[in-house]
Structures are given as structure tokens and as C-alpha cells.
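Beneath this line is the structure, given in C-alpha cells, with notes to follow.
Nothing in this text is a laboratory measurement; each read-out follows from the coordinates by a stated rule. Since the model is a prediction, treat every value here as computed from it, not as a measurement. Using ideal geometry, Cβ is built from the backbone for each residue, glycine included, and neighbour counts are taken over all protein chains shown.
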Amino acid sequence: MGSRSTEHATFVIERTYAAPPERVFRAFASSEEKTKWFGPTEQETGFELDFRIGGQERFEADGPDGARYRYRALYQDIVEGERIVYTYEMYRGEDRISVSVSTVELRPAPEGTALVYTEQGAYLDGHDGPGPREHGTRVVLERIDATLAA
């Protein structure tokens, strides 16, 4: 057995979108919309989204390093237009690289919607870390702007 380790970290990302909270919420709740900003399309990877408490989300994709990544999420709490709480795990090949709890909070703002994304992660065995995960999450959340404009 190899060396085992766990790195714990929390990060928070705040963004404002030029759309009302209900519209931003739909970008997370709709499979058609989420594939435009979050990850691969259904056809490429078998993306699945069952957006309800107890529902799951899954996809697989090849990373820039050539490895196959798998994402599996479970929705723990959903308040229409206001809050989404989910747990998720990431795999690189057969290695589980992280387990996280993520919260998306949406509030009306003068410019549209204030989003606060909080992730509490356990990064496993040195396969991933909070810095790269936060960077990737910021990039993904920036993509929502184009979805909202469409």
C-alpha cells in the first residue's frame, strides 16, 4: 500500500451575474443549460443530472493530462432560487482524488444575482489540492455568464 494523506481545505468564491436569481438557479437545475457551462455534453460522456434532493449528477471526461476523470454528486438540499447543497467525489482513473461538500447560495443584488459558492474538501493522497480545485471552479463559474446571455 502506498502513502496515504488527506488535505482539508475550504474556499469561497463570490460572483455577481446580470440575471435574476431564478434564472441563475435554472443554469444549475437544467441539464440542457448546465452542459453549456459546467462540463462535457451528454453525447460526449453520458452526462446525467437528476436535480432533486437525493438525486445524482455524473459525468466522465478526459483531462488535459490524458487521464479519465469521473465526477459523481448527490444533492443534499435544494431551495428553489436560493440554495443548492451537494456532496461530490472526483476520480482520476481508479483513484478517488477528493470528496467535497459544496453550497451554492443565490441572493438578489442590484446588478442581478450575488452568488456565493463554498466548498469544503478532503483532497486525498496528494492526487489533487485546494489550489487547482478553486482555480477550476472559478473558470467554470465564469462560463455561466455566456449561458445566461443566450
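Derived scalar couplings between HN and Hα for the stretch 82-91 equal 10, 8, 9, 10, 8, 10, 8, 10, 10, 10 Hz in order, rounded to whole Hz, by the Karplus curve 6.51 cos²θ - 1.76 cosθ + 1.60 (θ = phi - 60°), x for Gly and Pro.
About the centre of its Cα atoms, the chain shows a dipole size close to 80 debye [charges on the beta carbon of Lys, Arg (+1) and Asp, Glu (-1) only; nearest 20 debye]. Rounded to whole numbers, the Karplus 3J(HN,Hα) couplings from phi for the stretch 22-34 are 4, 6, 5, 4, 4, 4, 8, 8, 9, 4, 4, 6, 5 Hz, using 6.51 cos²θ - 1.76 cosθ + 1.60 with θ = phi - 60°, and x at Gly and Pro. Excluding E22 itself, what net charge comes from residues whose Cβ is under 10 Å from its Cβ, given Lys and Arg +1 and Asp and Glu -1? Charge balance near E22 sits at 0.
Recomputing Cα Rg over 2.2 N^0.38 Å from the coordinates shown identifies the correct label among [x] 1.04; [y] 2.08; [z] 1.48 as [x]. Calculated mean residue ellipticity at 222 nm for the chain: -8000 deg cm²/dmol, from DSSP H runs with n ≥ 4 weighted as -39500 (n - 2.57), summed, divided by the residue count and rounded to 500.
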